[in-house]
Amino acid sequence: MSRPRTAGVAPTAWAALAGNPARFLLSSWPFRAWAYLAGASVIGLVTFVGFFTLVVIGIVTSLVVVGLFLLASIPVLFVALGALERRRLAVMTPGQPSLRSPHPATTEPGWRSWFRQRRAEPLPRRELGYGVLLATLLWWIDLVVAFNAVLFLALMALAPLIAHYDEFVVLGWAADSPLEALPIGLVGLVVSYVFFAYVATALAAAQVALARILLGADQEQLEQRITELRRSRLDLVDAFETERKRIERHLHDGVQQRLVALTMTLGRAELDVPEGAGLDLVRQAHGEAEAALADLREAVRGIHPRVLVDHGIEAAVREVADRMPIPVAVDITLPERLPAPVEAAAYFVASETVTNVARHAGATTCRITGWVEEDDLVLTVIDNGIGGARVGAGTGLAGLVTRLDALGGRLQVDSPAGGPTRIRMECPCRIDP
Amino acid sequence: MPDRSLKVVIAEDLALLREGLVGIVERGGHEVVAAVDNADALVTWVHNDPPDVVITDVRMPPGLSDEGLRAAARIREEHPQVGILVLSQYVADAYLTSLLEAPGPGGTGYLLKDRVGHVREFLDSIDRVADGGMAVDPEVVRQLLGRRRDDGPLAGLTAREREVLALMAEGLTNGTIAARLVVSEAAIRKHVGNIFAKLDLEQGTDRRVSAVLTYLRG
């Protein structure tokens, strides 16, 4: 995977360390590393102090219940530390995506609900491990390095000033006047900078690697997350299906029935109204009501056909086929009814493709075949037309591909120019995320 | 208009349509002895006082699947002489199959609900069913014919024979077909003879509609 490059900065700290030294020393990496280490030492110290403060206060006040609450909150300290450290990684990983949290997303906004939710969750062992490492070991190593870097650079920079008041000695090289101290200071400044730049960057990079291992979501959690995503996608498809059914039922039981009743009334009126202009108007009204009914029926069919709900794929596809202007052979044999989203996907693939065939393919025959093959529903539509069909070419097929995708299925379109067109849909018969 | 009054029981769960049906049937001069909204009530009514014709929706409470159809099958079993006219929202093979599988002295009909608005034809269908004949929706027949378009024997029919076949499948008598196509009844008889010969069907006048439909369904 390619990562966006920040101008002039090597993509990772390790790459910068291994690369051209001059470039490394002039880059922002040494400063980033220093900032990271300085931050780590402060945070580690605060964690260390905070942990013992909480434990001590917690034990002392445990008699008045508050203490128990404090003690129970200690794991959250580590969770908060982990969250902070994941954010701080950005200092050392510019331009890279941030580390995924191993915790599930919070369900409500605000830090209170965050606290409540995290307290109820088990503390990941790796996050605890990172906190303990940082609070006991890493923070003072980082502090030593960060502090000494500043100390040495400051000393070397101030060498002439120090020599003015006192003797300035570095590794047996003594100077007691500012002029003598100047070259020592300059050389020392460069050497210290180079030394601490490499040490600090290496240390920070190592700590970043450690943090990435201990604070990121592990494989199992990632898989769980994928499962959750799949499930939510299926839920969406399902909700979509339910909503379509609801709309269909509404139209079917409401508007459509009223229109049918209207045609009945008009039909009766035709028998009773005497011949003349009045009867002509009634006949016209009857015709218009029937046209409205036909339009509505067509619309309902596109939303979710009732015959699909009642009788399944074969009957619904046969009904579509029977309405086509070209002969369409239907041969669908399924051992049982399939889950509603699968049936709907198959039906709409068949109906969409066969409509396209009738409209654009210039075909004279078409065959729809459906069967179950190793837990997969397979549906093929083959015509003898001119070919050249594509999924994205303004057809409704693109939406169907998305729908199938969510169900774990796929759609293959084989349509060379000159034909014939073969469409093959595969979709797992069972829906389990 | 028919000059006799039939006893009719209507079963339809949607009040609006039930009322419309009652109005149309009464307009035809028939007596609606009961208009019910579920299949059980229909069976009970027919059991207590068998009418001439039953008009029932396929889908009815409680299950809203094919209760009407199952009620029709029970009625056919218990009172074979009662004519049964089934109304459905859409063309479904399964409905036609179960209707064809229940022959009896009583007539059988399968119409789409939309057809009821064509009052004259609907009343004709009731008459045919009451007389022990068949009434099949033209849309159903059209789809059946369309399905067999490029098959062997059917392709051998002339355009006129095809027209006659479609009207036969709807359940019309030779006389009615002749009137529809504005030709003599003798001409229709000749066409019917040719059709039966070409399709290799039994030349019986008794059950010719179901024979034709069964043939068309393949």
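None of the figures in this text is laboratory data; all of them are computed from the coordinates on show. None of these values were measured; they are calculated from a predicted model. Please note: Cβ atoms are built from the backbone with ideal geometry, for glycine as well, and neighbour counts cover all protein chains shown.
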Task: Gap separating the Cα centres of the stretch B:59-105 and the stretch A:168-221, nearest whole Å - done: 91 Å
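Averaging over every viewing direction, what projected area does the convex hull of the Cα atoms of the protein assembly as shown cover, in nm²? All intermediate terms of the calculation are to be shown ahead of the outcome.
Values: hull surface 196.9 nm².
Result: a mean projected hull area of 49.2 nm².
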- [ ] Run down the lysines and flag those whose C-alpha is under 22 Å from the C-alpha of B:Lys198, throwing out any fewer than 8 positions away in its chain.
- [x] B:Lys190
Open item on the list: Which of B:Pro62, B:Pro51, B:Pro138 ends up with the largest GNM mean-square fluctuation for chain B, with Cα atoms connected below 10 Å?
Closed with: B:Pro62
Task: Alpha-carbon Rg with Dmax, taken over the stretch B:7-136, Å - done: 12.7, 33
Task: Given charges at beta-carbon only (K, R positive; D, E negative), |dipole| of the stretch A:361-433 in Debye - done: 340 debye
Open item on the list: Springs between alpha-carbon pairs under 10 angstrom, Gaussian network model over chain B: which of B:Val22, B:Val53, B:Val183 fluctuates most?
Closed with: B:Val183
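If Lys and Arg each add +1 and Asp and Glu each add -1, what is the summed charge of the other residues whose beta carbon sits under 13 Å from the beta carbon of A:Lys245?
Working: positive: A:Arg244, A:Arg246, A:Arg249, A:Arg306; negative: A:Asp238, A:Glu241, A:Glu243, A:Glu248, A:Asp253, A:Asp310, A:Glu343.
With Lys, Arg at +1 and Asp, Glu at -1, the neighbours total -3.
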Task: Packing-based exposure ordering (other Cβ within 10 Å, fewest first) of A:Leu215, A:Leu259, A:Leu182 - done: A:Leu182, A:Leu259, A:Leu215
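Cα gyration tensor of chain B, axes a ≥ b ≥ c as square roots of the eigenvalues: rounded (a/c below 1.5), prolate (a/b > b/c) or oblate? Let's see the in-between values first.
Numbers: a/c = 2.01, a/b = 1.67, b/c = 1.20.
It is prolate, given that a/c is not under 1.5 and a/b is the larger ratio.
When only C-alpha pairs under 8 Å and at least 6 residues apart count, what is the relative contact order of chain A, in percent?
Working: 546 pairs, mean separation 50.5, N = 433.
It rounds to 12 percent for chain A.
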Task: Local electrostatic count at A:Ala321 - Lys and Arg +1, Asp and Glu -1, tallied over other residues with Cβ under 10 Å - done: +2
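Based only on other Cβ atoms within 10 Å, what is the fewest-to-most ordering of A:Leu155, A:Leu308?
On the way: A:Leu155 16, A:Leu308 25.
Ascending Cβ contact count within 10 Å gives the list A:Leu155, A:Leu308.
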Open item on the list: With an 8 Å Cα cut-off and a minimum separation of 6 or more residues, compute the relative contact order for the stretch B:124-194 in percent.
Closed with: 31 percent
Task: Alpha-carbon spread of the stretch A:332-419, three principal axes, descending order, Å - done: 36, 25, 19
Task: Eligible lysines near B:Lys7 by straight Cα distance, threshold 24 Å, same-chain separation 8 or greater - done: B:Lys113
TODO: Compute the long axis of helix B:39-48 from its Cα atoms, compare it with the longest principal axis of the Cα atoms of chain B, and write down the angle in degrees, 0 to 90, nearest 10.
DONE: 90 degrees
Open item on the list: Compute the angle between helix B:15-27 and the longest alpha-carbon principal axis of chain B, please, reported from 0 to 90 degrees and rounded to the nearest 10.
Closed with: 70 degrees
Open item on the list: Can you give the local net charge around A:Asp383? Use residues other than it whose beta-carbon is closer than 11 angstrom to its beta-carbon, Lys and Arg +1, Asp and Glu -1.
Closed with: +2
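How large is Rg/Rh for the stretch A:147-290, to two decimals, with Cα atoms and a Kirkwood Rh?
1.84
Please state the shape class of the stretch A:67-208: rounded when a/c is under 1.5, otherwise prolate if a/b exceeds b/c and oblate if not, all from the C-alpha gyration tensor.
On the way: a/c = 3.83, a/b = 2.89, b/c = 1.33.
Cα axes put the stretch A:67-208 in the prolate bin.
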TODO: Among A:Val60, A:Val401, A:Val46, determine the one that fluctuates most according to a GNM of chain A built with springs between C-alpha atoms less than 10 Å apart.
DONE: A:Val60
- [ ] May I ask for the angle, rounded to the nearest 10°, between helix A:178-215 and the longest principal axis of chain A, with both axes built from Cα atoms and the value confined to 0 to 90°?
- [x] 40 degrees
TODO: Taking the Cα centre of chain A as origin, work out the dipole magnitude from +1 charges on Lys and Arg Cβ and -1 charges on Asp and Glu Cβ, in debye rounded to 20.
DONE: 1000 debye
Task: Contact order normalised by residue count of the stretch A:312-384, Cα under 8 Å, 6+ apart, percent - done: 35 percent
